Amino acid sequence: MTLASNNDPLDFINNNAEGMRLGSQEDLVQLLLYQIIRVKELIKYYDAIPDGAGQLGSSILNELVNEAYASLVDYDLVLMQKYYDLLLNCD
């Protein structure tokens, strides 16, 4: 089974010839979703650190992702921008 391109949450990255820009609310939603997905991958990395050494980092990132998702659900543009900026700097 193949995934149709219109179902790919990151399809806008590959098909946007002009690149990503914060020109509209839809762009902010897409950028925030991309950062949520990226940070979820970081959480897996922190969870894999032996002896629970990454648990604090994982907990902090999980909380940021949950709050970022809530800002999307509430469509709060101010919080969406805040969590985009915070997630952008997570590593």
**Item:** Pair list, Cβ under 9 Å, 6 or more apart: the range 69-86 residue within 16 Å of residue 40 (Cβ to Cβ) and free of Cβ contacts under 8 Å to residues at least 24 places away in the same chain, other residue in a helix (DSSP H, G or I) and not aromatic (Phe, Trp, Tyr)
**Value:** 70/79; 86/35; 86/64; 86/67; 86/68
**Fill in**
If we ask which residues in the range 77-91 are exposed (fewer than 11 other Cβ atoms within 10 Å of the Cβ) and under 12 Å from residue 29 (Cα atoms), their number turns out to be 1
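Each value in this text was obtained by applying a stated rule to the coordinates, not by laboratory testing. Because the structure is a prediction, the values reported are computed rather than measured. Here Cβ is always computed from backbone atoms with ideal geometry, including for glycine, and neighbour counts include all displayed protein chains.
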